[in-house]
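Each value in this text was obtained by applying a stated rule to the coordinates, not by laboratory testing. Just so it is clear, the structure is predicted and the values come from calculations on it, not from any experiment. Using ideal geometry, Cβ is built from the backbone for each residue, glycine included, and neighbour counts are taken over all protein chains shown.
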Amino acid sequence: MVKGVLMEGFTDTEQKIINAATAVFLEKGLDGARMQEIADQAGINKALLHYYFRSKDKLFRTVFQNEIKNLLRTILDSAQSSQNFEQFLQSFITTYMKAIAPRTNLMRFAIWEFGKDNYSIVDTFLQTFREYGYPTNPLVETTQKAIDEGQIRSLDPAHFTLSLLGVCIFPFMIKPFIEKLIPGVNMSDEHFIEQRAKEIYAMIWNGLKPPDQKTG
């Protein structure tokens, strides 16, 4: 379970509500969650919950923004410790998949919001990127730097970024379908996620190596 992280500008009661709501929303999503359940988990009455957060939708969006920031910071913290692009790629894939696995319900909501051209979400991403010294998308910038230094073959960084994100996140977006369609797949199993990350890394890295590094 993803634990709540302290957020600036909130009272202790609000933070308690947000932590409880995070646990409930991650498990059940927006539609499946109930305000009474969140109030019970926070140890307050429902009237007080509505006093601080007028609606379930408003509370969900608060949790969503916080979780997006936590997700990005987790990924960027791990990626920035890499010594070269190969390590960066391996770290990004593993950390990204482990981070989104318990947040599947929120990520489905994110896809919906992205399709509506929600500028507040875009700002959340860009602000977090800037915190880590990236004027634009860190995947695009890091990929271009690796190309310039000869660490990987020449390719379009934007297309590579789209491909990498897609192959990592897509199975989680259709988790119930995938688990029924492909025997033995359990997208919630930690061992499966680790193995999936290794397979993605091996496939992508073999295609990125400069020609003089390829074998077989």
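Three principal axis extents of the stretch 15-91 based on alpha-carbon atoms, in descending order, are 53, 21, 18 Å. A straight chain from Glu149 to Thr74 at 0.36 nm per residue would run longer than the Cα-Cα distance by 24.4 nm.
The phi-based Karplus calculation (6.51 cos²θ - 1.76 cosθ + 1.60; θ = phi - 60°) puts the 3J(HN,Hα) values of the stretch 184-191 at x, 8, 9, 5, 9, 7, 4, 5 Hz, whole numbers, x for Gly and Pro.
Computed from the C-beta positions of Thr11 and Val140, the FRET efficiency with R₀ = 30 Å rounds to 0.20. Maximal additional length on extending the Ile169-Ser82 stretch stands at 29.1 nm, based on 0.36 nm per residue less the C-alpha distance. Computed from the alpha carbon atoms alone, the convex hull of the stretch 122-194 holds 148 Å³ per residue. An oblate overall shape is assigned to the stretch 68-213, the ratio a/c of its alpha-carbon gyration tensor axes (a ≥ b ≥ c) being 1.5 or greater and a/b not exceeding b/c. Every helix of 4 or more DSSP H residues in the chain counts as -39500 (n - 2.57), and over all residues that averages to -23000 deg cm²/dmol at 222 nm. Based on C-alpha pairs under 8 angstrom that are at least 6 apart in sequence, the stretch 68-213 has a relative contact order of 30 percent. Relative protection proxy for 20-28, 97-105, 175-183, from highest mean packing down: 20-28, 97-105, 175-183 (other beta-carbon atoms within 10 angstrom).
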